[in-house]
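Step one of this worksheet: look at the structure below.
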Amino acid sequence: MSLLSVTGLGKSFGGNRAVDGIDFSVAPGELLALIGPNGAGKSTTFNMVNGQLKADKGSIRLEGHELIGRKPREIWKLGVGRTFQIAETFASLTVVENVQMALISADARLFSFWRRAAAYRRADALALLDQVGMAAQADRPCSVLAYGDVKRVELAIALANSPKLLLMDEPTAGMAPAERHALMALTKRLVVERGLGVLFTEHSMDVVFAHADRLIVLARGRLIAQGRPAEIRDDPQVQAVYFGSGKTFEKEGAA
């Protein structure tokens, strides 16, 4: 059973077809990577699922609910969370306060002053931080955290709304190799435990092939391949389009 079902999705900018009639799905408990060379249509696809761009044609359904035409906030309320290439947290607030702010938003509550909200669902915020390995740093300001830890806090924030689908845009950008794999291993564990579906874009092929359950590959706005990592790694068309210079996925991942 599909959690997210995308059919015939298309988007043009002027005369340029950025995304040209693609189909794919994400199942509960699945980590799906969206890859392709620069200009392939990855960001456009990602932003249509999130509601930042409106598709020209096709359908995007989350558990049967059509997402096209809905605003990002509406899509978020339906159960779609998101992390960004550059982590978005409030540097002046503590780690736990950042998660509490996300819980306040998820519960649609308004507070005039942060002082009045400081105790709001603190136990729940701490539980989320525990899931991402950040409970011990709950009362530290986000401004003093290492970048890999900020990414973990952002993941806890994304989970505050109990999403069914999590969109992760370049989740390991700017991270050292060990941090990249630790973050994606954590994400995979949460996917299994929570039954989440995850759609993520990523330039680090070592991360993609080590952690994704399936991959979809775009080139010039079209879906050219989809399958498990081993199938994509050995696909001649993917190798030709993605690495026209003759490089292999293994070489790219080691770079």
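The values are calculated or read from the model by the stated rules, or taken from the named source; none is laboratory data. Owing to the predicted nature of the structure, the values given are computational and were not obtained by experimental measurement. Because the Cβ atoms are built from the backbone with ideal geometry, glycine has one as well, and the counts that use them run over all protein chains shown.
Structure data summary
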read-out	value
Any chance Arg189 is over 14 Å from the mean Cα position of the chain (by Cα) and at pLDDT 90 or above	yes
Ile60 being at pLDDT 95 or above and farther than 25 Å from His211 by Cβ	no
Count of segment 1-29 residues which are more than 19 Å from Val238 (Cβ to Cβ), surrounded by fewer than 20 Cβ atoms within 10 Å (Cβ to Cβ) and within 20 Å of the chain's Cα centre (by Cα)	7
Conditions (1) in contact (Cβ under 8 Å) with a residue 40 or more places away in the chain; (2) touching a helix residue (DSSP H, G or I) at 6+ places or on another chain (Cβ under 7 Å); (3) not in a helix (DSSP H, G or I); number of the one not met by Met175	(1)
Where a residue in segment 41-64 is in contact (Cβ under 8 Å) with a residue 12 or more places away in the chain and surrounded by 17 or more Cβ atoms within 10 Å (Cβ to Cβ) and its partner, wherever it lies, is among the acidic types (Asp, Glu) and assigned to a helix (DSSP H, G or I), with Cβ under 9 Å and at least six apart	Gly51/Glu74
Close pairs from segment 122-141: first more than 10 Å from Val99 (Cβ to Cβ), partner of a type in the set (S, T, N, Q), Cβ under 8 Å, at least 6 apart	Asp139/Thr94; Arg140/Thr94; Pro141/Ser92; Pro141/Thr94
Residues satisfying the stated conditions in segment 63-73, i.e. closer than 22 Å to Ala18 by Cβ and not basic (Lys, Arg)	Glu66, Leu67, Ile68, Gly69, Pro72
Index of the failed condition, Lys151 passing every other in (1) of a type in the set (D, E, K, R); (2) assigned by TED's automatic domain parsing to the domain that holds Asn47; (3) closer than 24 Å to Arg122 by Cβ; (4) touching a helix residue (DSSP H, G or I) at 6+ places or on another chain (Cβ under 7 Å)	(2)
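Here's the yes/no breakdown for (1) in contact (Cβ under 8 Å) with a residue 24 or more places away in the chain; (2) outside the structural domain of Pro28 (by TED's automatic domain parsing); (3) among the acidic types (Asp, Glu); (4) surrounded by fewer than 20 Cβ atoms within 10 Å (Cβ to Cβ):
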| site | (1), (2), (3), (4) |
| --- | --- |
| Arg189 | no, no, no, yes |
| Thr201 | yes, no, no, no |
| Ser204 | yes, no, no, no |
| Asp213 | yes, no, yes, yes |
